[in-house]
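Each remark here refers to the structure printed beneath this line.
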Amino acid sequence: MRAMTEMNLKSAFAGESQARNRYDIYAGKAEVDGFPNVARLFRAVAYAEHLHAKSHFKVLKQAEDELTVSGGGFGFKDTSENLVVAIEGETFEVEEMYPAYLKVAEEQEEKSAARSFSWALEAEKMHQKLYTKAKEAVDGGNDVDLGPIQICEICGWTVEGDAPDECPLCKARKDRFRTFE
């Protein structure tokens, strides 16, 4: 594997791993703050982030052991402020990180890495929208109104409502979606 793609995979793995843990922590805070649907959203997206990290890790299976550095956000405040950190993180991944990582992987003809980055990028777009919806509700003093959240167990693609018959990213069957209700 080419060095830059490998470095980007390691950074993405570290960032997704941190996001998973941060969102699990934020879920507990959302429950304490009286927002059970926001807590469910944080848990669902934490699961998707775990799947992204797992995908990146699998692509890296032949890489040498090495330290990773990630620019993951920190902070633990009220649910509204935690949603700001989540939105900012997802926005960075959608607008900056994954487009750049994907371009490098494609230029270096690293197909597995490109697929992993592409899957994560598409899922992060939905996470960004769902967190924005949740923040608007919380800022109005309400819990977010959410249907079931479906996460594809293969690629982490996320959708609110019913799972599709086939994942639009990885083509996994409907029975490969995990439901958070």
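Please treat every number below as a calculation from the coordinates, not as lab data. Predicted model, so just to flag it, every value in this text is computed and none were measured. Cβ: placed from backbone, ideal geometry, glycine included. Neighbour counts: every protein chain shown.
Take the alpha carbon atoms of the chain, find their radius of gyration, then divide it by 2.2 N^0.38 Å using N residues; give the quotient.
1.01
Mind listing the phi-derived Karplus ³J(HN,Hα) values for region 22-31, rounded to whole Hz, using 6.51, -1.76 and 1.60 with θ = phi - 60°, and x for any glycine or proline?
Whole-Hz 3J(HN,Hα) from phi for region 22-31: 4, 5, 4, 5, 4, 4, x, 5, 4, 5.
Taking the mean number of other Cβ atoms within 10 Å as a proxy for protection, how do you rank 161-173, 122-134 from highest to lowest? Show your work: numbers first, answer last.
Working: 161-173: 14.6, 122-134: 21.5.
By packing density, highest mean first, the sequence is 122-134, 161-173.
Ranked highest first by average number of other Cβ atoms within 10 Å, how do 11-19, 147-155 line up?
11-19, 147-155
What are the ³J(HN,Hα) values, in whole Hz, obtained from phi via the Karplus relation 6.51 cos²θ - 1.76 cosθ + 1.60 with θ = phi - 60°, for each residue of region 168-178 in sequence order, with x given for Gly and Pro?
Computed from phi, the couplings for region 168-178 are x, 8, 10, 6, 5, 5, 3, 6, 9, 9, 9 Hz.
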